[in-house]
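The values are calculated or read from the model by the stated rules, or taken from the named source; none is laboratory data. Owing to the predicted nature of the structure, the values given are computational and were not obtained by experimental measurement. We place every Cβ from the backbone using ideal geometry, glycine too, and count neighbours over all the protein chains shown. In case anyone asks, the SASA skips ligands and DNA or RNA and just uses the protein heavy atoms, side chains included. Shrake-Rupley method; radii C 1.70, N 1.55, O 1.52, S 1.80 Å.
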Amino acid sequence: DTGVSQNPRHKITKRGQNVTFRCDPISEHNRLYWYRQTLGQGPEFLTYFQNEAQLEKSRLLSDRFSAERPKGSFSTLEIQRTEQGDSAMYLCASSPFLGAYNSPLHFGNGTRLTVT
Amino acid sequence: AQTVTQSQPEMSVQEAETVTLSCTYDTSESNYYLFWYKQPPSRQMILVIRQEAYKQQNATENRFSVNFQKAAKSFSLKISDSQLGDTAMYFCAFMKGYGGSQGNLIFGKGTKLSVKP
């Protein structure tokens with residue numbers, strides 16, 4: 001169990017550019033989640049996958065955001081045409097599916113995005 | 001819609017003393033789960049303790065315990081014998097107990113706890 005890994009740790013981009021983040025969950029965790037955390041706030045749910053299926057998306061996930069988990073292992077989160085309001089920490093988490101209570105989320109260290 | 005409120009943005013406690021962090025929530029759901037997560041500086045968030053809404057007994061994990069008052073929709077965290085390593089942001093979180101939203105944790109804004117030597 002090497003933990004949830006996120007890359008890159010930091011990303012600085014200019015407004016209008018596209019960015020992609022990667023998350024490698026704990027092996028054999030079939031659930032993977034993306035959250036966004038802005039300064040002074042708690043994390044906000046964006047989306048989650050069970051294996052390769054995207055089961056839920058938040059209204060926060062605008063058309064500029066897309067997430068994939070093609071083989072049910074790692075996941076990518078892409079933001080197109082970035083805006084300054086996208087600046088935040090993007091957190092990935094994974095869990096086994098043992099029921100909502102018995103599957104606490106294991107979080108990664110996050111990717112900090114700064115849009116200039 | 002569910003909301004989670006943490007009314008204490010910052011707190012401090014002396015090492016070895018006890019501190020209580022407050023959390024209230026609003027929901028019309030009858031089946032749900034409550035959590036406290038800890039986010040140390042520059043480190044990942046980790047689960048501290050969890051509680052099922054239908055269990056009246058308060059959860060306990062070593063030095064951490066909760067006071068769950070379902071009618072009042074209150075879920076406070078008590079840390080006994082505080083240690084320097086307890087310094088962190090603490091987030092209270094709510095999750096529905098069934099249906100599609102089983103990954104959708106709703107977090108409060110957090111309480112920054114500083115343990116002083």
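See the values below:
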{"item": "Residue in the stretch A:54-71 that is in contact (Cβ under 8 Å) with a residue 40 or more places away in the chain, surrounded by fewer than 14 Cβ atoms within 10 Å (Cβ to Cβ) and within 12 Å of another protein chain (Cβ to nearest Cβ) present", "result": "no"}
{"item": "2 or more residues surrounded by 12 or more Cβ atoms within 10 Å (Cβ to Cβ) and in contact with a Ser or Thr (Cβ under 9 Å, 6 or more places away or on another chain): qualifying strands (runs of 3 or more DSSP E) within the stretch B:1-47", "result": "B:3-5, B:10-14, B:19-21, B:24-26"}
{"item": "Residue within the stretch B:63-78 that is under 26 Å from residue A:38 (Cα atoms), at pLDDT below 95, of a type in the set (A, V, I, L, M) and over 12 Å from the mean Cα position of the chain (by Cα) present", "result": "no"}
{"item": "Residues of the stretch A:101-116 satisfying the condition of being open to solvent by less than 10 Å² (accessible area, probe 1.4 Å), farther than 20 Å from residue A:52 by Cβ and facing chain B (nearest Cβ under 7 Å)", "result": "A:107"}
{"item": "Strands (runs of 3 or more DSSP E) contained entirely in the stretch B:57-117, each with at least 1 residues that are over 15 Å from residue B:33 (Cα atoms), of a type in the set (A, V, I, L, M) and away from chain A (no Cβ under 14 Å)", "result": "B:74-79, B:111-116"}
{"item": "The stretch A:48-88, residues that are outside any loop (DSSP other than H, G, I, E, B) and either among the basic types (Lys, Arg) or more than 21 Å from residue A:13 (Cβ to Cβ) (or both)", "result": "A:48, A:49, A:50, A:53, A:54, A:55, A:56, A:57"}
{"item": "Odd one out for residue B:54 among (1) part of a loop (DSSP other than H, G, I, E, B); (2) within 10 Å of chain A (Cβ to nearest Cβ)", "result": "(2)"}
{"item": "Exclusive hit being in contact (Cβ under 8 Å) with a residue 12 or more places away in the chain, touching a helix residue (DSSP H, G or I) at 6+ places or on another chain (Cβ under 9 Å), open to solvent by 30 Å² or more (accessible area, probe 1.4 Å) and of a type outside the set (Ser, Thr, Tyr), set B:116, B:112", "result": "B:116"}
{"item": "Single unsatisfied condition, residue A:35 versus (1) among the aromatic types (Phe, Trp, Tyr); (2) open to solvent by 10 Å² or more (accessible area, probe 1.4 Å); (3) within 13 Å of another protein chain (Cβ to nearest Cβ)", "result": "(2)"}
{"item": "Residue within the stretch A:31-39 that is under 19 Å from residue B:107 (Cα atoms), assigned to a loop (DSSP other than H, G, I, E, B) and either in contact with a Leu (Cβ under 7 Å, 6 or more places away or on another chain) or not charged (D, E, K, R) (or both) present", "result": "yes"}
{"item": "Lone unmet requirement of (1) in contact (Cβ under 8 Å) with a residue 24 or more places away in the chain; (2) within 27 Å of residue A:7 (Cα to Cα); (3) more than 16 Å from the chain's Cα centre (by Cα); (4) open to solvent by less than 30 Å² (accessible area, probe 1.4 Å) for residue B:103", "result": "(1)"}
{"item": "Check on residue B:86, of a type in the set (Asp, Glu), in contact (Cβ under 8 Å) with a residue 24 or more places away in the chain and at negative phi", "result": "yes"}
{"item": "Residue in the stretch A:79-93 that is more than 9 Å from chain B (Cβ to nearest Cβ), basic (Lys, Arg) and on the phi > 0 side of the Ramachandran plot present", "result": "yes"}
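For every residue, the table says whether it meets (1) within 15 Å of residue A:42 (Cβ to Cβ); (2) of a type in the set (Asp, Glu).
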{"position": "B:11", "(1), (2)": "no, no"}
{"position": "B:22", "(1), (2)": "yes, no"}
{"position": "B:29", "(1), (2)": "no, yes"}
{"position": "B:40", "(1), (2)": "no, no"}
